[in-house]
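Okay, so here's the structure we're looking at.
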Amino acid sequence: MVKVAILQFPGSNCDLDTLYVLRNVIKLDAEMVWHREFKADAYDAVVLPGGFSYGDALRAGVIAAYSPAMKHVKEMAHEGKPVLGICNGFQILVEAGILPGALIRNDTLTFICKWVHLRLENNKTVFTWKGKVGQVLAMPIAHNEGKYF
């Protein structure tokens, strides 16, 4: 069975929701791991949940990106193990250099919270294999710095 770590940083939220879905909906072996205690070799996959790591005092995710845990997350990504960043977790992956690019403020310069529709283009990933290509998915978004550049 796949063993998944859900990394917790100061200010994380949605971590309990993530744990519930991984354990009860997808039926995976998942556990919460405090970022300072994370070791990649104990897990097959890692999820960085949303929230406001360290209160987002600088740029969203930048302080968490310097956690020693991110070295292990980078190793997992380079090994081809599944790494998923949700909301602030995605921002942490970008700030850590695991994903290219940057996240900048929304065009409206305001926080956006709404549902959007995404078309599934590839169902051959560990995260999309249950879907059908062309399927339209309703997904919630909630961010202030969500413009991926």
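Among the criteria (1) open to solvent by less than 50 Å² (accessible area, probe 1.4 Å); (2) modelled with pLDDT of 95 or more, the one Val133 does not fulfil is (1).
Residues that are under 20 Å from Lys130 (Cβ atoms) number at least 2 in the following helices (runs of 4 or more DSSP H) confined to region 1-107: 15-20. Sort out which residues of region 75-102 are open to solvent by 60 Å² or more (accessible area, probe 1.4 Å) and closer than 18 Å to Met139 by Cβ, and write them in order of number. Hits for region 75-102 are Ile86, Cys87, Phe90. Evaluating Val116 against the criteria (1) surrounded by fewer than 11 Cβ atoms within 10 Å (Cβ to Cβ); (2) part of a loop (DSSP other than H, G, I, E, B) leaves one unmet condition, (2).
Being surrounded by 10 or more Cβ atoms within 10 Å (Cβ to Cβ) and more than 15 Å from the chain's Cα centre (by Cα) is the filter; apply it to region 103-112 and report the residue that is farthest from Ile63 (Cα to Cα). Checked region 103-112; the qualifying residue farthest from Ile63 (Cα to Cα) is Ile112.
The values are calculated or read from the model by the stated rules, or taken from the named source; none is laboratory data. The structure presented is a predicted model; accordingly, all values stated were derived computationally and were not measured. In this analysis, Cβ positions are derived from the backbone assuming ideal geometry, glycine residues included, and neighbour counts consider all displayed protein chains. Please note that ligands, DNA and RNA were not included when accessible areas were found on the heavy atoms of the full protein model with its side chains. Shrake-Rupley method; radii C 1.70, N 1.55, O 1.52, S 1.80 Å.
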